Amino acid sequence: MKWNLRWAAARRDIWRPTQLLAAFQEVGFNPSLSKTAALWSSQPITVRLDDLDMICTALGCTIADLMEAEPVAAERRPENEQRAVGEHKSTEQVRPVPRPGSGGRRRSLPPN
């Protein structure tokens, strides 16, 4: 995801974290200045939904204005990296193979 807080703030003529904090406080959202500065300067790892709602209210924007989906490369792993069990490169279906020695026999039911 791409974090576009500065762009959304610039549309409201907000250019500094202190101005952003004042806009937040107008709508009853009271984060610390350090939290506001962190949102301003870098992409957050997580954002609470309540906080996201208040940010959108303060800036008069939508969530789509704040966050933009970025396509991720389908295969970024090196070829020698271990893969999860059952994960294959091919798109064809992989069928399970019976264990040797089972002979296809079914087990008997357990006693009642």
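The values are calculated or read from the model by the stated rules, or taken from the named source; none is laboratory data. Being a predicted model, the structure only gives us computed values, none of them experimental. Only protein heavy atoms, including side chains, enter the accessible area calculation; ligands, DNA and RNA are left aside. Shrake-Rupley method; radii C 1.70, N 1.55, O 1.52, S 1.80 Å.
Some observations on this one:
- Distant-in-sequence amide H partners of residue 67 (H built 1.01 Å from N, under 5 Å): 4
- Table column - 3J(HN,Hα) (Hz), the stretch 37-45, Karplus curve with 6.51, -1.76, 1.60, x for Gly and Pro: 5, 5, 5, 6, 8, 8, 7, x, 6
- Think of a 1.4 Å ball rolled over the protein heavy atoms: the stretch 1-51 then has 68 Å² of accessible area per residue.
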